Amino acid sequence: MKSTINNTVEFVKEKLNGAEAGHDWFHIERVWKLARKIAETEKNCDPDVVELSALLHDIADPKFHNGDETIAPRISREFLESQNVPNETIEKVLFVIENISFKNRSQAPANPPIELKIVQDADRIDAIGAIGIARTFNFGGFKNNPMYDPNVQPNLNMSKEQYKKSNGTTINHFYEKLLLLKDLMNTEHGKKMAQERHDYMLNFLDQFYKEWNVD
């Protein structure tokens, strides 16, 4: 399977060449590394499914494809079949890709497999802390969203469709997603890593408001 992993790395690098900086190859690489770290602490997980899922989870992020959630599974299946990956493994990888997203949390499976828990934690960890802050402001700039507006309050009750179409402020995104992720972690190792990054974001927000208000 090592050659397949290597081929997947090259495939993803090529596919995401020129992608928005918060969802490019380097994001994938960080999630891949985080997933491997978490997998080392979890028993009974399939490391091949973990690695392939982490590498392919954002191969076609719906937010850059008019919200179409079918593209990533299709591309992933076609690629994995070209690598002669067993169908059982392919189905497990696609299940992770189809269920990993924060916006789909209300439709989460009742008893998710450990591989989904691991890769989901890894992806969410990369969305918080210093990296998460950088990614959030980068994406806000990419969409030309306001950085902050004291008169616009966070929307904490968005439906999936509202979330997908949201063009709120970058600071509000902390409250609408980033600060919620710590309590959504699945694994013990993920929870520990998330806590440190969560605390960092709280400190950042305190400093941001002080500077914004010229305190």
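Rounded to the nearest 10 degrees, the inclination of helix 114-125 to the longest alpha-carbon principal axis of the chain is 30 degrees. Taking all Cα pairs closer than 8 Å and separated by 6 or more residues, the relative contact order of region 2-212 comes to 20 percent.
Here the chain is assigned +1 on the Cβ of each Lys and Arg and -1 on the Cβ of each Asp and Glu. Its dipole about the Cα centre then comes out at about 240 debye. Against the chain, whose longest principal axis is taken from its Cα atoms, helix 47-56 shows a tilt of about 50°. Among the trypsin sites (Lys or Arg not before Pro) in region 9-104, those placed in a DSSP loop whose Cβ has at most 16 other Cβ atoms within 10 Å are K43. With the charge dipole of the chain set up from +1 on Lys and Arg Cβ and -1 on Asp and Glu Cβ about the Cα centre, the Cα lying farthest toward the positive end among the listed residues F102, L181, L205 is that of L205.
What are the semi-axes of the equivalent ellipsoid of region 1-108, taken as the square roots of 5 times the eigenvalues of the Cα gyration tensor, listed largest first and rounded to whole Å? Write out the running numbers ahead of the final one.
Numbers: eigenvalues 75, 54, 46 Å².
Rounded to whole Å, the semi-axes are 19, 16, 15.
Relative to the longest principal axis of the Cα atoms of the chain, the long axis of helix 188-212 makes an angle of roughly 30 degrees. Rg over Rh for region 79-215 works out to 1.03, both radii taken from alpha-carbon positions and Rh defined as the Kirkwood radius. Counting only helical runs of four or more DSSP H residues, what would the 222 nm mean residue ellipticity of the chain come to if each run contributes -39,500 (n - 2.57) and the total is spread over all its residues? Roughly -19000 deg cm²/dmol at 222 nm, from the helical runs in the chain.
Taken together, the values in this text are just the output of simple stated rules run on the coordinates, not laboratory data. Worth saying up front: this structure is predicted, and the values here are computed from it rather than measured. Counting neighbours? That spans all protein chains shown, and the Cβs are built from the backbone with ideal geometry, glycine included.
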